[in-house]
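To keep things clear, I will list the structure first and then write my remarks on it.
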Amino acid sequence: MNIELINLIKKDYDVENSRIQMFVNLQLIRSVELLISEKYDAQIFRCPVHLSIGQEAIAVGVSINLQLEDKVVSTHRSHAHYIAKGGDLFSMLSELIGSPLGCCKGRGGSMHIFDKSVGFMASVPIVGSSLPISVGIALAEKQSNSENIVVAYIGDAALETGAFYESLNLAALKNLPILIVLEDNGYSTYSNKEVRWPDTKNVRATTEGMGIHYYSGSGDDVDEINTQISEVILNVRNNKPSLVHLDTFRRYEHCGPRLDDNLGYRESEEILSYIKRDPIEILGNKMINLDIISKTLLGDLVNKVNCYVEDTFTDVLRKNENYLKQFEMNY
Amino acid sequence: MGQTYISLINQAFDESLKNDSKVMLFGLGVGDIGAVFGSTANLQSKYGAERVFEIPLSENSVTGMALGLAMQGFRPVMMHQRADFSFTSAEQIINQIAKTSYMSGDVYKVPLVIRMIVGRGWGQGPTHAQSPHAFFSHVPGLQVVAPATPVDGYYLMKQSIASDKPVIFIEHRWLHQTTEELIETDQIPELFEAKIMKSGEDLTLISLSYGVIECIKIAEVLSEFNLNVEVVNLRSIQPWNKNTVLRSVKKTKKVVLLDTGHIEFGLTGEIAATIYSELFGSISNPILRFGLPMEPTPSSAALAIDHYPAIEKMLGEIKSHFGFKYELKEAINAFNKKFPYKSKYKDQPDVGAVGPF
């Protein structure tokens, strides 16, 4: 959770309500990603970006169940995971512009977000490679008799790497407190599963066959994810390594700031069906229907979050004014 | 007589495990009856299977696991009975271990050691006899050491474990049964310090690991022909101790480099380039380089004889390259007399190991 933002809104909203908290986080991630998308052509964010738009619910539904001391290891698509774990927006945006004020002093960029201070241990963009490291982090927690767990986010293509199977074997062998969150968006860049997985592939059988507890569900309804994870995590804290397989949808292109619906590698029906399952709308509508919040107040909340993101970005530009001048070319 | 290299490695592990509860040892063979050629013997029973353990055959992920442990403050030592198996974990070593501290903006320390044993002879062949010091040295963020003597092995292992940066620890199988006395001393070598094994004015021989033993033999043979040869034991490859090397070369003006790895794009080229740039015009002869040819190491004992630079052959090339006056035949006789090969076969070390190993 972003404490700064919560403090800004607590006067007007019930920030103790978990749905309000989750909505704020979903909107925060969405707003940040849209800002990056919008400013990208201005050449300010000078590194490859993998936006999380459409996939926000998983990061938020998982992270609301985590303590500060719990550890997270992410992938190339790290923004949602970082923000949901309580990462600092100023540090992240500064990192994306390559500034020394970034969380990795500008050395990592979007694909290598590290922030130990919030338990965000690493982002590893070499697909599959995050898992062995997560196993080691989990072994350290177990060896230290802590109650902390490790969440390792992976995408569906990680199941095509050897490291996945080696790591599941190690996690089961050592009974590690590790939760693997499989964000299955169905695509590896432009390739769907038909060209990558045999028809006979069965992720549940594979996972359980390796000695890892398997759960599956939809990755769109943050409420459902929260409920599911809160149960699974009790087992993980008792050293039962688990994998949660959630279906989701990457709205934007694999890498870059744009929609790529025009390329035709995803059927328009598929795209439309997912747009109807937008995580922010699902939770927003639910809160209105349950009388948790009025439509007007919800609209105001969205505006407040957007303003917070805009203000933070302005602050990033202001504090990095001298830095930004450094790489301007003078022809 | 002293202790063997392998027993001093065992002692270094024992003392490191005793002094720091964060130290862990694992790798194939660590917990089995072979105990990685005896180097991990008795450590599991002494320190428990949580700290000293056997691994599943998943070198890549176990190497990544070592990184995760190091990021959390542990000091793992991951080991390979043959260095060649570490290539399965090239991704974790090169992309992750070498770069984590840098990428995190120096937030993480990565105190881990990857111990790699280099095979030679008795049919090791193409995939069990490689010494990867040069290509790991090419990666910023890795430290690479290759100690030659038992006492070097002892101190460098302890310091590698105590280092806050990742260390690739290269250990030649033919050194394991060599012996040396560990004498209590205040003169503990620094991790990155080269050592002058023998001082001289006429020629500098520079090498690492098992090559240092061969250089010492060459130096001792040539001393019978009134040549005072200086032998530089590099000990550390990345970073390497330029000052000690350049000081020696300034004095002798003649250089021979001997590598245990392949010759092209390797250790000898890097050191030669530095000597040429730093001491241009002040050396008297072109640098002479020895190493392995650009072909995989053969398994056949007969083929391997030509693959490794034999001391007899090096004595001949040193003579003709620098125009030294000794008779090659006499030098070879002196070598055979001074260092009679105790083994009947030349594809195994003259002390200790008898194949299979």
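The figures follow:
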quantity	calculated
Cβ pairs under 8 Å, 6+ apart, first in region A:129-152 and more than 8 Å from chain B (Cβ to nearest Cβ) and under 12 Å from A:ILE180 (Cβ atoms), second part of a strand (DSSP E or B) and among the hydroxyl-bearing types (Ser, Thr, Tyr)	A:SER130/A:SER74; A:SER130/A:SER123; A:SER130/A:TYR153
Test for A:LEU283: is it under 19 Å from the mean Cα position of the chain (by Cα), surrounded by 13 or more Cβ atoms within 10 Å (Cβ to Cβ), of a type in the set (A, V, I, L, M, F, W, C) and within 22 Å of A:ASP220 (Cβ to Cβ)	yes
Any hit, region B:37-51, residues being part of a loop (DSSP other than H, G, I, E, B), more than 14 Å from chain A (Cβ to nearest Cβ) and touching a strand residue (DSSP E or B) at 6+ places or on another chain (Cβ under 7 Å)	yes
Residue satisfying all of: in region A:153-169; at the interface with chain B (Cβ under 10 Å from one of its Cβ atoms) and under 20 Å from A:ASN192 (Cα atoms); surrounded by the fewest Cβ atoms within 10 Å (Cβ to Cβ) among these	A:GLY162
Residue within region B:181-195 that is farther than 22 Å from B:GLY266 by Cβ and touching a Lys or Arg at 6+ places or on another chain (Cβ under 6 Å) present	no
Selection status of B:LYS198, surrounded by fewer than 22 Cβ atoms within 10 Å (Cβ to Cβ), over 22 Å from B:GLU214 (Cα atoms) and not acidic (Asp, Glu)	no
B:THR63, sole failed condition from (1) within 8 Å of chain A (Cβ to nearest Cβ); (2) surrounded by fewer than 22 Cβ atoms within 10 Å (Cβ to Cβ); (3) in contact with a helix residue (DSSP H, G or I) (Cβ under 7 Å, 6 or more places away or on another chain); (4) hydroxyl-bearing (Ser, Thr, Tyr)	(2)
Candidate set: region B:66-83, residues that are within 30 Å of B:PRO356 (Cα to Cα) and either in contact with a Phe, Trp or Tyr (Cβ under 9 Å, 6 or more places away or on another chain) or of a type in the set (D, E, K, R) (or both); chosen: the one nearest to the other protein chains (Cβ to nearest Cβ)	B:PRO76
Selection count, region B:91-141, where residues are without any contact (Cβ under 8 Å) to a residue 24 or more places away in the chain and either surrounded by fewer than 22 Cβ atoms within 10 Å (Cβ to Cβ) or not assigned by TED's automatic domain parsing to the domain that holds B:VAL167 (or both)	6
Candidates B:SER300, B:SER282, filtered to the one that is at pLDDT below 95 and more than 30 Å from B:SER343 (Cα to Cα)	B:SER282
Lone unmet requirement of (1) under 20 Å from A:ILE29 (Cβ atoms); (2) in a loop (DSSP other than H, G, I, E, B) for A:ASP291	(1)
Leading residue by the ranking (farthest from A:VAL49 (Cα to Cα)) among those in region A:107-128 that are within 8 Å of chain B (Cβ to nearest Cβ) and small (Gly, Ala, Ser)	A:ALA122
Failed condition for B:GLU91, given (1) more than 8 Å from chain A (Cβ to nearest Cβ); (2) assigned to a helix (DSSP H, G or I)	(1)
Selection count where residues are touching a residue at least 24 places away in the same chain (Cβ under 8 Å), out of contact with any Phe, Trp or Tyr (no Cβ under 7 Å at 6 or more places or on another chain), surrounded by fewer than 24 Cβ atoms within 10 Å (Cβ to Cβ) and part of a helix (DSSP H, G or I), scope region A:39-62	2
Residue within region A:222-240 that is of a type outside the set (S, T, N, Q), loosely packed, with under 12 Cβ neighbours inside 10 Å and over 26 Å from A:LEU51 (Cα atoms) present	yes
Failed item in (1) facing chain B (nearest Cβ under 7 Å); (2) under 17 Å from the mean Cα position of the chain (by Cα); (3) closer than 21 Å to A:ILE29 by Cα, with A:MET92 passing the rest	(1)
So A:ALA172, is it within 12 Å of chain B (Cβ to nearest Cβ), over 30 Å from B:TYR102 (Cα atoms) and not hydroxyl-bearing (Ser, Thr, Tyr)	yes
Options B:GLY73, B:GLY68; residue that is surrounded by fewer than 24 Cβ atoms within 10 Å (Cβ to Cβ) and farther than 15 Å from B:GLY27 by Cβ	B:GLY73
Failed item in (1) exposed (fewer than 14 other Cβ atoms within 10 Å of the Cβ); (2) part of a loop (DSSP other than H, G, I, E, B); (3) in the same structural domain as B:ILE263 (by TED's automatic domain parsing); (4) in contact (Cβ under 8 Å) with a residue 40 or more places away in the chain, with B:TYR326 passing the rest	(1)
Residue check, B:PHE13 in contact (Cβ under 8 Å) with a residue 40 or more places away in the chain, among the aromatic types (Phe, Trp, Tyr) and not in a helix (DSSP H, G or I)	no
Top-ranked residue of region B:146-166 - restricted to ones that are touching a Lys or Arg at 6+ places or on another chain (Cβ under 9 Å) and among the aliphatic types (A, V, I, L, M), ranked as surrounded by the most Cβ atoms within 10 Å (Cβ to Cβ)	B:ALA146
Test: residue in region B:307-316 that is of a type in the set (Asp, Glu) and either surrounded by 16 or more Cβ atoms within 10 Å (Cβ to Cβ) or in contact with a helix residue (DSSP H, G or I) (Cβ under 7 Å, 6 or more places away or on another chain) (or both)	yes
Filter pass, B:PRO296 being assigned to a loop (DSSP other than H, G, I, E, B), more than 20 Å from B:ARG173 (Cα to Cα) and not assigned by TED's automatic domain parsing to the domain that holds B:ARG120	no
Meets criteria (within 17 Å of the chain's Cα centre (by Cα), outside the structural domain of B:HIS133 (by TED's automatic domain parsing) and either touching a residue at least 12 places away in the same chain (Cβ under 8 Å) or surrounded by 20 or more Cβ atoms within 10 Å (Cβ to Cβ) (or both)) for B:ILE287	no
Residue identified as of a type in the set (Ser, Thr, Tyr) and free of Cβ contacts under 8 Å to residues at least 40 places away in the same chain among B:SER236, B:SER223	B:SER223
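The values are calculated or read from the model by the stated rules, or taken from the named source; none is laboratory data. In this text the structure is predicted, and so the values were computed from the model without any measurement. No Cβ is skipped: glycine too gets one built from the backbone with ideal geometry, and neighbour counts run over all protein chains shown.
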